[in-house]
Amino acid sequence: MTVQEVDGAPPPSGPGDADDAHDSEYTEYTDDPSAGPGRRRGRRRWLDVAIALVLLVLVAVGALRWLDSTAYLVVVLQTAGPFVLIGLLLLTVTALVLRRWVTAIPVAVALAVAVAVAAPGFRASTSPKAEADLTVMSANVWVGAANANQLMAAVRFHAVDVLVLVEATPALLRRLDAEGARDYFTQREGVARPGTFTGTMVLSRYPLSVRSAGTDPSVEGTQSTQPELDVTAPNGTVRLKVAHPTAPLRGDTVEWRAGLRALQSWNERHHGDGPVVMAGDFNASYGHPGMRDLAEGLDDAQLTDGEGWVRTWPFAGNRLPAFVQLDHLLSRGLTVVSAGQVAINRADHAAVWASYALPGR
């Protein structure tokens, strides 16, 4: 009787049986997904690939801001700049939490570029201690549907001197007059048109002189009226140009780009002609090269005020939250004292306003 038999141990096995037992033990170990080094490496590779793919998509969308195109999809994606920045921030955090150090490097570089592009909008350069000589408000009233009571309340609260009404209709003017607009604003110029987005009216507390009615589509590049006026404030005269290019809807992007180009030409022609304000619904954001070309040499009141991510559209009638600035107050030769925006019921755009100090103040 052997020792193994006495102890109840299994009979001796040969060398082959010992190897089989070892292989069985190794197989059982590697089948555990939490312990297998091969599987862990595979998962890490898939994480790197997934992060890289998301990064490529975000970078591709962000890079579209430098592509001057009238392709509908490009024009739409060019408004997504803030979401690209948010996406890159979340992707950077994800890469760091998952300890994907190498993959995090290009993500962090892309985030730094996006931050550098967005940063100027968060730095204020207004002069809040300056004396305000002129306050301008621009409101797209959604084919006259805007709440007149709220609009006049905003006008009084911000002590508005000039009110630009884009998509003005006769019915809206009657409602505004019922809320006191006729007494508050002694001057008005422009064309109010029923049932269409092409009407524009300018209401003012100060004298207005019409330089151009802005009704020729071949000159303005849009069906909307874009009047050019002189506003004679107590401390000086300001040239006002209303802007309302065609919206970049599918099939209309070429006309939209032509409208931005016409406004850019107007700005270039009047460079050095004294204080200028361009106000209205430009139907473009700074993600569009055409808007940046148009605004060259001009101060955007909201950006000058350091308001960061300014959102003026879409509001009423849309399921999306407001995410893009389409409404602007651009100026040259004036000091921006303060600026802001206010949402109005039954208007799909927020109104934008700015107070200015005239030269020599």
(message) At 0.36 nm per residue, and after removing the present C-alpha to C-alpha distance, how many nm does the segment from Val254 to Ser212 gain when stretched out fully?
(response) 12.7 nm
(message) How are the alpha carbon pair distances in the chain distributed across 10 Å bins from zero to the largest one, expressed in percent?
(response) 5, 21, 26, 17, 9, 6, 4, 3, 3, 3, 2, 1, 0
(request) Could you work out the local net charge near Pro248, counting Lys and Arg as +1, Asp and Glu as -1, over the other residues with Cβ closer than 11 Å to its Cβ? (result) 0
(request) Give me the number: length gained by fully extending Arg39 to Asn345, i.e. 0.36 nm times residue separation minus the C-alpha to C-alpha distance, one decimal in nm. (result) 104.5 nm
(message) If each DSSP helix of 4+ residues adds -39,500 (n - 2.57) and the sum is divided by the residues in the chain, what number results at 222 nm, nearest 500 deg cm²/dmol?
(response) -12000 deg cm²/dmol
(request) Multiply the residue gap between Glu296 and Leu47 by 0.36 nm, knock off their C-alpha separation, and tell me the result in nm, one decimal place. (result) 85.4 nm
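Beta carbons within 10 angstrom, averaged per residue: use that to sort the peptides 323-336, 110-123, 146-159, highest first.
On the way: 323-336: 23.3, 110-123: 15.0, 146-159: 18.7.
Averaged packing, sorted descending, gives the order 323-336, 146-159, 110-123.
Would you mind telling me the share, in percent, of accessible area of the range 104-253 contributed by carbon and sulfur at probe 1.4 angstrom?
Carbon plus sulfur share of accessible area: 55 percent.
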(request) Find how many whole Å separate the alpha carbon centroid of the range 40-62 from the alpha carbon centroid of the range 100-164. (result) 34 Å
(message) Tell me the carbon and sulfur percent of the accessible area for the range 313-361, rounded to whole percent, probe radius 1.4 Å.
(response) 54 percent
(request) Quick one: check the C-alpha center-to-center distance for the range 268-291 versus the range 293-361, whole angstrom. (result) 12 Å
(request) In nm, give the distance between the simple-model label positions of Arg156 and Ser69, each being 7 Å from the Cα along the Cα-to-Cβ direction. (result) 5.0 nm
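Of all alpha-carbon pairs in the range 225-288, indicate the percentage at a distance above 19 angstrom.
When all Cα pairs of the range 225-288 are counted, 37 percent exceed 19 Å.
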(request) Send over a whole-number figure in Å² for the accessible area per residue of the chain, probe 1.4 Å. (result) 50 Å²
(message) Give me Rg/Rg_expected for the range 257-345, where Rg uses Cα atoms only and Rg_expected = 2.2 N^0.38 Å with N residues.
(response) 1.12
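The values are calculated or read from the model by the stated rules, or taken from the named source; none is laboratory data. Just so we're clear, the structure is a prediction, and the values are computed from it rather than from any experiment. Note that each Cβ is placed from the backbone with ideal geometry, even for glycine, and that neighbours are counted across all protein chains shown. Please note that ligands, DNA and RNA were not included when accessible areas were found on the heavy atoms of the full protein model with its side chains. Shrake-Rupley method; radii C 1.70, N 1.55, O 1.52, S 1.80 Å.
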